[in-house]
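Peer 1: One structure, as structure tokens, below. Some questions next.
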Amino acid sequence: MSFRNWKLIATAALSLALAGCSSISVKAAGLKPAKERKPATDFTLKDSMGRSFKLSDYKGKVVLLNFWATWCGPCKIEIPWFVEFEQQYKDQGFAVLGISMDEDGWDVVKPYLEKVKVNYRVAIGNDMMAQLYGGVDSLPTSFMIDKEGRVASVHVGLVSKSDYQDEIVQLLGLKKSHAAGTVVPALVLGAN
């Protein structure tokens, strides 16, 4: 087999692997205006430690609710970003909640969480849970939920890290300093 044919096959295989879970988003949808946001459906699930939690427990926080699976290529790209966001913004009123759609449940999810060092709460979902959110048909699917518990945006497929971060910053009311590449509270910027 020639190098060119090998390269075409490798490119096609990579494309199929990434698209195997869902289509890849080219551009984020952006935040809906506040008046157009609908309440996120509450749910109760158990996390990897067996503790029950509800989405409503997070009211007052910005939540990134991510439906994913261990076999999903784009999900594996996003999860390290979400780990980073959880670390960076948790003290500012932000949380990531992961809903694994793996049919094999905790047997495959727990080892993956340990391997990737996931630092946010994860639960196992099912078709009924997916239906609560309009029938999650593709993975990854993520919902940005504002402090009032309303769906501010929906992302199906792989979205850029910067698009997620921009939405988090906006929903938290922070301003991004372009010069330093850091995020600072909005009040600090206006206090001169």
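Read-outs throughout are calculated quantities, based only on the coordinates presented, and are distinct from any laboratory measurement. The model shown is predicted, which means the values in this text are computed figures rather than measured ones. A quick note on method: Cβ atoms are made from the backbone with ideal geometry, for glycine too, and the neighbour counts reach across all protein chains shown.
Peer 1: Which value, in debye to the nearest 20, gives the size of the charge dipole of the range 37-190 about its Cα centre, when Lys and Arg are +1 and Asp and Glu are -1 at the Cβ? Show your work: numbers first, answer last.
Peer 2: On the way: 18 positive and 19 negative charges, 106 e Å.
Charge dipole of the range 37-190: 500 debye, to the nearest 20.
Peer 1: Can you list residues whose amide H is under 5 Å from A152's amide H, if they're 5+ apart or on another chain and H is modeled 1.01 Å from N?
Peer 2: Close amide H contacts, sequence-distant or interchain: M144, I145, D146.
Peer 1: Could you tell me whether the range 22-113 comes out rounded, prolate or oblate from its Cα gyration tensor? Rule is a ≥ b ≥ c as square roots of the eigenvalues, rounded for a/c under 1.5, then prolate if a/b exceeds b/c, otherwise oblate. Each step should come with its number before you reach the end.
Peer 2: Details: a/c = 1.59, a/b = 1.20, b/c = 1.33.
It comes out oblate by the Cα gyration axes.
Peer 1: If you don't mind, another one. Cα gyration tensor of the range 37-190, axes a ≥ b ≥ c as square roots of the eigenvalues: rounded (a/c below 1.5), prolate (a/b > b/c) or oblate?
Peer 2: On the way: a/c = 1.78, a/b = 1.50, b/c = 1.18.
Prolate is the answer for the range 37-190, as a/c is 1.5 or above and a/b outweighs b/c.
Peer 1: Another question, if that's okay. How would you rank 60-72, 124-136, 149-161, highest first, on the average number of other Cβ atoms within 10 Å across their residues? Can you show the working numbers first?
Peer 2: Details: 60-72: 21.2, 124-136: 14.6, 149-161: 19.2.
Peptide ranking by packing, descending: 60-72, 149-161, 124-136.
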